[in-house]
Amino acid sequence: MQIRPYTDMTIRFFLHSLAAAALALSPAHVAAQDPQPTDSVRPLAPRAGQVVRPVQPDTAPPRISPRGAFVRSLVLPGWGQSELGAPGRGAEYFFLEAGSLWMWYTADQKLDEARERQAILRDLGQLAPDARTPLVRDRENQREDWITLSVFWLFFSGADAFVAAHLQDFDVHVNAVPRPNGGGTELRATVPVGP
C-alpha cells in the first residue's frame, strides 16, 4: 500500500481555512479610522438648576434580527455571534466547523486509500468480488460521523446565534460573591426592572 503525502489541494484547503479564520477574527470597526467631526457651533451653557448628563456614545453592537443572525451563522459559522458582539464565541464555532470539515476531508482521503487496498486484494484473489474489507466499512462509518458532526456544528451555530439575537436586549448581570461568615460563595443575578 502506498501512503500519499499531503497534496497541493490539502495545503491549499488549510491555507484557505486560515485566511477565513483571520478574516472572521479581524475587527469590524476601528475607531481611529473615523475622524472626529469638527463642530462650529458652541454648545449651549446649562441653565441654573439644570442637570446635565454626559452623552455616552452608543457602543452596543447594531441590532440584528434573529433570522438574520441564524442565516449569517449558516453561511459562515460564528458570523452571527460575531455580529452580535461575541466574536470569541463566533471564533469557537468557526474553528469547530473548520475542524470537522477538515476531518471529513481527511476521512474521505483515508477511505479512498482503503478502497484502493480492497481493490488490490480483489485483484490478488484474496477477497471475493462482492465482499468488503472491515477497514472500508470502518472508514465509511468514520466519514459519515464527520459529515454528521459538521452538519451538527453548522446548525448549532445558527441556533445559538438565533437565541443570542433574541436575548441581545436582555440585561442581566451575574456575580459570584464570597460569603463573609465561614466561606462559601453566593451567586447573584441582577435584572433591571422598569426605567
**Report entry** Lone qualifier among Glu144, Glu97, Glu116 - being surrounded by fewer than 16 Cβ atoms within 10 Å (Cβ to Cβ), in contact (Cβ under 8 Å) with a residue 40 or more places away in the chain and part of a helix (DSSP H, G or I)
**Finding:** Glu116
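Every residue, every condition in (1) more than 30 Å from Pro87 (Cα to Cα); (2) among the polar types (S, T, N, Q), yes or no:
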{"residue": "Arg122", "(1), (2)": "yes, no"}
{"residue": "Leu127", "(1), (2)": "yes, no"}
{"residue": "Asp130", "(1), (2)": "yes, no"}
{"residue": "Arg137", "(1), (2)": "yes, no"}
{"residue": "Phe156", "(1), (2)": "no, no"}
{"residue": "Ala165", "(1), (2)": "no, no"}
{"residue": "Asn175", "(1), (2)": "no, yes"}
Requested in this report: Run Asn175 past the list (1) open to solvent by 80 Å² or more (accessible area, probe 1.4 Å); (2) out of contact with any Gly (no Cβ under 8 Å at 6 or more places or on another chain); (3) not in a strand (DSSP E or B) and report the number of the one that doesn't hold.
Outcome: (3)
Report task. Name, by its number, the condition in (1) buried (at least 16 other Cβ atoms within 10 Å of the Cβ); (2) more than 30 Å from Arg67 (Cβ to Cβ) that does not hold for Trp153. Result -> (2)
Query raised in the report: Are any residues in the range 120-150 farther than 26 Å from Val71 by Cα and among the β-branched types (Val, Ile, Thr), and if so, which ones?
Result: Ile120, Thr133, Val136
**Report entry** Criterion (surrounded by 10 or more Cβ atoms within 10 Å (Cβ to Cβ) and at pLDDT below 90) met by exactly one of Leu111, Leu127
**Finding:** Leu127
Report summary line: By residue number, the members of the range 134-154 that are under 22 Å from Arg117 (Cα atoms) and touching an Asp or Glu at 6+ places or on another chain (Cβ under 7 Å) are Arg143
Report task. Working carefully through the options Asp169, Asp138, find the one that is of a type outside the set (Lys, Arg) and either surrounded by 12 or more Cβ atoms within 10 Å (Cβ to Cβ) or in contact with a Cys (Cβ under 7 Å, 6 or more places away or on another chain) (or both). Result -> Asp138
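The values are calculated or read from the model by the stated rules, or taken from the named source; none is laboratory data. The model shown is predicted, which means the values in this text are computed figures rather than measured ones. For neighbour counting, all protein chains shown are included, and Cβ atoms are generated from backbone atoms with ideal geometry for every residue, glycine included. Each accessible area value is taken on the protein alone, full model and side chains, heavy atoms only, with ligands, DNA and RNA left out. Shrake-Rupley method; radii C 1.70, N 1.55, O 1.52, S 1.80 Å.
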